[in-house]
Every structure is written in structure tokens, then in C-alpha cells.
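Read through the structure below, which is laid out as C-alpha cells, and then see the notes.
Coordinate-derived values only; no laboratory data. Just so it is clear, the structure is predicted and the values come from calculations on it, not from any experiment. No Cβ is skipped: glycine too gets one built from the backbone with ideal geometry, and neighbour counts run over all protein chains shown.
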Amino acid sequence: MDTLGYLAVDQYGSTYQIGDNPPRKWLMNHLGNQHAQKMYVDTTDGMVRHTGYVIGGLWLTVHRVCTWKD
């Protein structure tokens, strides 16, 4: 799949269109912070997945935007 960019959503529903930039670096610059912690989620099959970052009190879930192909 071709990646078009990234989109982040915080716990309040605000969205951040990151574009093709590295998500962590872009979010830290945009929010004016120099520290980010990784955020994880437990899946139903017992695995743990990295889903985003906690930056300045915001929990940001990062989504990769891809092209749709048949």
C-alpha cells in the first residue's frame, strides 16, 4: 500500500493532519513539547501494539493514511 501521510486524533476528538512528515517529531513541534511517550493498546489476541503518543497531556492516536486499491 502507498502511504499518503499520517493523521492523529487526540482524546477530545481534535485532529492533526501530519502529512508525510514523521508523526512524533511533527506532533512535538506542533504542540511545543520536547518529550513524547509511546502509547500502547492490548489487542484481543493478547498482543500489545503501539498506537500513538502521549505529548503534553494529550493522548494522540496516529493513523497511517493509505491509498485504496482493488
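Within a Cβ distance under 10 Å of Gly5, other residues only, what is the Lys/Arg minus Asp/Glu net charge?
Neighbour charge sum, excluding Gly5 itself: 0.
Computed over the chain, the per-residue total of -39500 (n - 2.57) for DSSP H runs of n ≥ 4 gives a 222 nm mean residue ellipticity of -3500 deg cm²/dmol, rounded to 500. Between Asp45 and Leu4, the distance separating the two model label sites (each 7 Å from Cα on the Cα→Cβ line) works out to 2.7 nm.
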